[in-house]
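Novice: Provided herewith is a single structure, encoded as structure tokens, for subsequent inquiry.
Read-outs throughout are calculated quantities, based only on the coordinates presented, and are distinct from any laboratory measurement. Since the model is a prediction, treat every value here as computed from it, not as a measurement. Heads up, the Cβs are rebuilt from the backbone with ideal geometry, glycines too, and the neighbour counts pull from every protein chain shown.
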Amino acid sequence: MNISSSISLFERAQKTIPGGVNSPVRAFKSVGGTPLFISKAKGAYLYDADDNRYIDYIASWGPMILGHAYEEVVKAIQRQALSSTSYGAPTKLEIEMAELIVSMVPNVELIRMVSSGTEACMSAIRLARGYTGKNKIIKFEGCYHGHADSFLVKAGSGVATLNIQTVPGVTAGVANDTLTCAYNDLAAAEQLVAENKDQIAAIIVEPVAGNMGCILPQPGFLEGLRRICDQENIVFIFDEVMTGFRLSAGGAQEKLNVKADLVTYGKVIGGGMPVGAFGGSKEIMQHIAPLGNVYQAGTLSGNPIAMIAGYTTLGILKGNPHIYKELEEKTIYLRDNLHRVFIASKIPFVINQFGSMISVHFSDHAVNDFASAASAKNELFKKYFHAMLDRGIYLPPSAFESWFLNNALTKEDLDRTIEATKESLSEISGDQVQ
Ligand code: KE4
């Protein structure tokens, strides 16, 4: 593929933007090569600066669940923009957005809009600390809750991709209040709670993890954490920035039938615009300013353009629940056929899938936590990534990321992806044989 425009744009970008990107995972650091500069997208397809077309399995890391430039969403944004782009004052649209979310997620009674998943998770942790009067939190290795200091301890996504063991700038004081253990290791979580009796404000977890690849909760893991939180007066936080409104209208709480005390959102909730949110029971949320003293704020929180994009997207998802069924069927079709071509290639692999989240690991063992994801043959993932990109299939540029399907994908797109995988694996096998 001719990517000369991306090459020159990347050189130019590095003169004024750190690493040439505004978010590290976009830099192709772990897979190598030049990041593609995208000029437009429509439906299931991305077009780079040289007008090469790619089938998109990133969906902007989750938000573009309906597909790119979805007409109803674009028209709503265009209309709203004519009434200005921000007021810094309350609007009816924010009430309608909050009422829509509350109608979709029964145990969320109050919700506060913010501008990113990081803000949502950071605010939820502060609220849990303010509500309980306790300081420590438990997170799980390989889970990523955004880049707030408290979370940059054994985090997944870009932190794992770049293999950053300790993030400079995160003080020991902050890091000491963040306890970690392996995802799916309920006994280790119970031990941390016992060793830090009455000091833990919150346990925060990705109910289906997407920042080590896609990793499913083992039976009993989330239920066990729920029990611990009930017994120890700990706030149970589901980070549904990825899973919220993607796995179902009610997110992972509905699909897995486990209820959290606070839930954080991002990605799909904004329909591609900068939106995050955190919500839960009145009992807890009433401590948020101006009702309570746990201060949290944002100039562009509830921004009308972001709200109309999110409100339109969520409205379409709520009104057409068959979209979730279609997405899951497409993902299962992809999973089963990738499985078939991987078996034929005789290259060891694991495919994890839940709803419309899926990931491929070049591993001869189950991948159910960060250590098992990290011990996969990620060098082979790197080759697979580029072989697929050369064939017009755009996968997340890291083995520590979930793929995200969008509902504009057709069977032809899926079949092309399967065929490209078959071709890529024979290319990789050929490399292995030499
Ligand atoms: P943002 O601040 O990037 O909107 O959300 C942070 C966040 C919180 N919680 C979960 C479960 C997340 O997956 C994320 C962000 N996800 C990454 C992709 N793995 C965003 C991509 C990026 O960092 O550019």
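Novice: Can you sort Asp198, Asp239 from fewest to most other Cβ atoms within 10 Å of each residue's own Cβ?
Specialist: Ordered from fewest to most neighbouring Cβ atoms within 10 Å, Asp198, Asp239 come out as Asp198, Asp239.
Novice: Right, next: Hey, can you grab everything whose amide H is under 5 Å from the amide H of Ser116? Only 5+ residues off in sequence or another chain; H modelled, so Pro and N-termini drop out.
Specialist: The answer is Gly276.
Novice: What does the helix-only formula give at 222 nm for the chain: each DSSP H stretch with n ≥ 4 adding -39500 (n - 2.57), the total divided by the residues, and the result rounded to the nearest 500 deg cm²/dmol?
Specialist: Here the helix-only value at 222 nm equals -12000 deg cm²/dmol.
Novice: Another one. Expressed in nm to one decimal, what extension gain is obtained for the pair Ala69 and Lys40 from 0.36 nm per residue of sequence separation less their Cα-Cα distance?
Specialist: Going from the current span to full extension adds 9.5 nm.
Novice: Determine ³J(HN,Hα), in whole Hz, for all residues of region 264-270 in sequence, where each value follows from phi through the Karplus function 6.51 cos²θ - 1.76 cosθ + 1.60 and θ = phi - 60°; x replaces Gly and Pro.
Specialist: Each residue of region 264-270 in turn: 10, 10, x, 6, 3, 4, x Hz.
Novice: May I ask for log10 I(q)/I(0) of region 71-319 at q = 0.09, 0.15 Å⁻¹, from a Debye sum over the Cα atoms as equal point scatterers with solvent left out?
Specialist: Log10 of I(q)/I(0), two decimals: -0.37, -1.02.
Novice: Through the Karplus equation 6.51 cos²θ - 1.76 cosθ + 1.60, θ set to phi - 60°, convert the phi angles of region 291-301 into ³J(HN,Hα) values in whole Hz; use x for Gly and Pro.
Specialist: 5, x, 9, 7, 7, 7, 7, x, 3, 10, 4
Novice: With a ≥ b ≥ c taken as the square roots of the eigenvalues of the C-alpha gyration tensor of region 89-129, please select rounded if a/c is under 1.5 and otherwise prolate if a/b is larger than b/c or oblate if it is not?
Specialist: Note, shape of region 89-129 comes out oblate.
Novice: Pull up the DSSP beta bridges for region 71-319 and report the antiparallel fraction as a percent, rounded to 5.
Specialist: Within region 71-319, antiparallel bridges account for around 40 percent of the total.
Novice: Considering only C-alpha atoms, what is the centroid distance from region 369-384 to region 194-256, in Å?
Specialist: 24 Å
Novice: What residues qualify as long-range amide H neighbours of Asp185, i.e. H under 5 Å apart, gap of 5 or more or another chain, H built at 1.01 Å from N?
Specialist: none
Novice: Given labels modelled 7 Å from the Cα in the Cβ direction, how far is it in nm from Arg79 to Asn257?
Specialist: Reported label-point gap for Arg79 and Asn257 is 4.0 nm.
Novice: Over 30 Å between Cα atoms, which of Lys330/Lys377; Lys139/Lys382; Lys255/Lys346; Lys40/Lys318; Lys42/Lys318 qualify?
Specialist: Going by Cα-Cα distance, Lys255/Lys346 fall outside the 30 Å limit.
Novice: Quick check: net charge around Ile237, other residues with Cβ under 11 Å of its Cβ, Lys/Arg +1 and Asp/Glu -1?
Specialist: Result for the local shell: -3.
Novice: Normalising by the residue count of the chain, find the relative contact order in percent from Cα pairs under 8 Å and 6+ residues apart.
Specialist: 22 percent
Novice: Ranking Ile95, Ile418 by Cβ neighbours within 10 Å, fewest first, what do you get?
Specialist: Ile95, Ile418
Novice: Can you check what the Kirkwood hydrodynamic radius comes to for the chain, Cα pairs only, in Å to one decimal?
Specialist: After inverting the pairwise mean of 1/r, the radius is 22.2 Å.
Novice: Ok, one more. About the Cα centre, and with charges only on the beta carbon of Lys, Arg (+1) and Asp, Glu (-1), how big is the dipole of region 253-378? Nearest 20 debye, please.
Specialist: 220 debye
Novice: Hey, another quick one. How far apart, in nm, are two points set 7 Å out from the Cα along the Cα-to-Cβ line at Glu283 and at Ser426?
Specialist: Inter-label distance under the simple model: 6.1 nm.
Novice: Something else about it: Of all DSSP beta bridges in the chain, what percent run antiparallel (nearest 5)?
Specialist: Here the antiparallel bridges make up roughly 60 percent for the chain.
Novice: Name the most mobile residue of Ala297, Ala201, Ala209, meaning the one with the largest mean-square fluctuation, in a Gaussian network model of the chain with Cα contacts below 10 Å.
Specialist: The residue with the greatest mean-square fluctuation here is Ala297.
Novice: In sequence order, what are the phi-derived ³J(HN,Hα) couplings for region 59-67 according to the Karplus relation 6.51 cos²θ - 1.76 cosθ + 1.60 with θ = phi - 60°, rounded to whole Hz, with x for glycine and proline?
Specialist: Once rounded to whole Hz, the list reads 6, 6, 6, x, x, 7, 5, 8, x.
Novice: Related question: What chymotrypsin sites (Phe, Trp or Tyr not before Pro) does region 1-102 have in DSSP loop regions with at most 11 other beta carbons within 10 Å?
Specialist: Tyr87
Novice: Which chymotrypsin sites (Phe, Trp or Tyr not before Pro) in region 256-295 pass both tests, a DSSP loop state and at most 13 other beta-carbon atoms within 10 Å?
Specialist: Here the sparse-neighbourhood loop sites are Tyr295.
Novice: Within region 304-339, what residues put their amide N at less than 15 Å from the label point 7 Å along the Cα-to-Cβ vector of Ser103?
Specialist: 311-321
Novice: Can I ask one more? If you take the beta carbon distance between Gln231 and Ile95 as r and set R0 to 56 Å, what does 1/(1 + (r/R0)^6) give as a FRET efficiency, to the nearest 0.05?
Specialist: According to the calculation, E is roughly 0.90.
Novice: Restrict the search to region 1-39; then list the trypsin sites (Lys or Arg not before Pro) that DSSP places in a loop and that have at most 14 other Cβ atoms within 10 Å of their Cβ.
Specialist: Listed in order of number, the matching sites are Lys15.
Novice: Taking the Cα centre of the chain as origin, sum charge times position over the Cβ atoms of Lys and Arg (+1) and Asp and Glu (-1), and report the length of that vector in debye to the nearest 20.
Specialist: Roughly 500 debye, rounded to the nearest 20.
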